[in-house]
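Following: one structure in structure tokens, then a few remarks.
Bear in mind these aren't lab numbers, they're just calculated from the coordinates by the rules spelled out. The structure presented is a predicted model; accordingly, all values stated were derived computationally and were not measured. Using ideal geometry, Cβ is built from the backbone for each residue, glycine included, and neighbour counts are taken over all protein chains shown.
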Amino acid sequence: MEFKEIVEKNRSYRRFDQSHRLGKTTLLDLVDLARKTPSAGNLQLLRFVVSCSPEINSRIFETLGWAASLPDWPGPEDGERPAGYVVIVTEGDSWDWARVDLGIAAQTILLGAAARGLGGCMLGNVRKEKLKEILNLEESLTIQLVIALGKPVEEVVLEEVSGGESITYYRSEDRVHHVPKRKLADLVIRICD
Ligand SMILES: Cc1cc2nc3c(=O)[nH]c(=O)nc-3n(C[C@H](O)[C@H](O)[C@H](O)COP(=O)(O)O)c2cc1C
């Protein structure tokens with residue numbers, strides 16, 4: 001797959017074939033990609049928890065908030081839930097520039113998943129204290145982001161929108177998920193050539 005194709009394929013997927021299990025090797029391979037990404041000051045403050053245990057997965061699932069822009073959809077039903085998770089945490093207050101590292105690491109994990117025919121979704125809407133308990137994490141750790149992973153079963157399409165048009169994602173009646181993206185010309189505000 002061309003890099004551009006991987007980026008375009010790498011959408012936020014929220015419905016999966018739950019019977020397609022993910023092994024811990026796959027999850028660790030994805031985290032290993034994140035390990036090799038840039039880090040401000042090379043401080044490498046991010047830590048990772050991976051889960052491919054159906055029992056822990058179902059408990060993680062209960063802490064997640066899905067697709068705030070689809071208020072009538074409670075999230076993936078049983079059978080279409082993620083087969084694995086990567087939870088990204090930081091130690092104590094070690095934050096600030098690590099916020100940038102977080103985005104780089106999370107996107108690299110999802111690009112790596114897309115390159116393998118998998119997919120997922122970053123989730124910031126997480127009951128973090130509850131999840132900390134479930135994962136038995138030390139008090140000093142802070143959960144920053146959850147990445148849900150699996151074999152996607154939903155179709156997600158990008159649409160170009162201009163200036164005043166809605167950028168809210170939506171589902172059409174055929175259950176296709178539509179994601180409006182602003183046009184390149186609306187994002188590049190100056191070209192110095
Ligand atoms: C930092 C971050 C946090 C996000 N948190 C959630 C979340 O809690 N729940 C959810 O369903 N989607 C979440 N998303 C996914 C966004 O809704 C999604 O990226 C956006 O709708 C655009 O779709 P796309 O990723 O396919 O381009 C998050 C995305 C990012 C980058």
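Summary of values
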| item | result |
| --- | --- |
| Most mobile listed residue (110, 149, 45) in the chain, GNM with C-alpha springs under 10 Å | 45 |
| Rounded, prolate or oblate (a/c below 1.5 giving rounded, otherwise prolate when a/b exceeds b/c) for the chain by Cα gyration tensor | oblate |
| Segment residue 192-residue 70, extension gain: residue separation times 0.36 nm, minus the distance between their alpha carbons | 39.9 nm |
| FRET efficiency estimate (nearest 0.05) - Cβ-Cβ, residue 134 to residue 17, R0 25 angstrom | 0.55 |
| Computed lengthening from residue 158 to residue 40, 0.36 nm per intervening residue step minus Cα-Cα distance | 39.3 nm |
| DSSP-defined beta bridges in the chain - what % are antiparallel, rounded to 5 | 75 |
| Nitroxide proxy distance, nm - points 7 Å out along Cα→Cβ at residue 5 and residue 32 | 2.5 |
| Reachable lysines from residue 183, criterion Cα separation under 20 angstrom, eight or more residues apart if same chain | 4, 9 |
| Linear extension gain, residue 91 paired with residue 141, 0.36 nm per residue minus alpha-carbon span | 17.5 nm |
| Along the chain, longest interval not containing exposed GluC sites (Glu not before Pro), exposed being DSSP loop plus at most 12 other Cβ atoms within 10 Å | 78-137 |
| Paramagnetic reach from residue 125 in the stretch 55-88 [backbone N under 15 Å; point 7 Å along Cα→Cβ] | 61-77 |
